[in-house]
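Novice: This structure is in structure tokens; I'll ask about it shortly.
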Amino acid sequence: MNTAPSTTRRILVIEGHPDKQTPHLNQALADAYAQGASDAGHEVRRIAVADLDFPVLRRVSDWHQGEVPPALKASQADILWAQHVVFFFPLWLGEMPALLKAYLEQVARPGFAIGREGPKEFGRKPLSGRSARVVVTMGMPALVYRWYFRAHSLKALERNILGFVGFGPIHETLVGSVEQLGDGGVALWLARLRRLGRKGG
């Protein structure tokens with residue numbers, strides 16, 4: 001059976017796990033998604049945030065007037081190139097890892113992710129026309145995070161960052177109870193991510 005998508009897409013995979021030394025589930029899931037997308041004929045680029053060397057923003061003046069770190073200019077070019085961006089990260093202390101947050105703060109500068117005149121709640125955003133998927137791994141069951149904790153940090157990312165600069169639609173994949181998955185559970189999730197990659201969604 002032909003599972004190739006009717007149209008191919010330009011897909012950017014952003015791996016937000018801050019540990020680049022130890023093999024981890026986030027990397028395996030990102031690999032599976034990218035492999036599925038490539039096999040289906042999509043164009044795929046990848047960014048591993050842990051491989052990048054950039055400072056943390058400390059002053060609002062730097063955000064408004066400072067230069068984007070040289071290591072992140074390619075990230076901005078890749079985001080502009082992409083039609084669909086997929087984020088992978090683990091849930092740490094209820095949030096995305098600090099390194100990924102620092103990366104987004106540096107990349108989403110005025111003139112790139114929002115207008116030079118400042119953020120506007122309504123109207124066309126500079127990054128409109130791009131969709132996204134957010135893949136989050138966590139130790140707790142995904143249903144507990146979604147229904148008890150209301151997925152508050154994920155919703156903040158989707159609404160206050162991605163949606164605010166124009167991404168839409170935004171889909172999500174929550175991988176819970178990762179310590180209890182076992183080899184069989186990991187294999188099932190890898191297969192699911194490969195399927196999502198093939199669909200380009």
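Just so it is clear, none of the values below were taken in a lab; they were calculated from the coordinates. Nothing here was measured: the structure is a model prediction, and the numbers come from that model. Neighbour counts run over all protein chains shown; Cβ positions are idealised from the backbone, glycine included.
Novice: With a cut-off of 8 Å between alpha carbons and a minimum separation of six or more residues, what is the relative contact order of the chain in percent?
Specialist: That works out to 30 percent.
Novice: Which order do the peptides 32-41, 157-166 take when ranked by the mean count of other beta-carbon atoms within 10 Å per residue, highest first?
Specialist: 32-41, 157-166
Novice: Under 22 Å from the Cα of Lys101, which lysines turn up, not counting those fewer than eight places away in the same chain?
Specialist: Those lysines meeting the cut-off are Lys20, Lys73, Lys120, Lys125, Lys155.
Novice: Give me the distance in nm between label points sitting 7 Å out from Cα along the Cα-to-Cβ direction at Ala77 and Asp183, one decimal.
Specialist: A separation of 4.3 nm, rounded to one decimal place.
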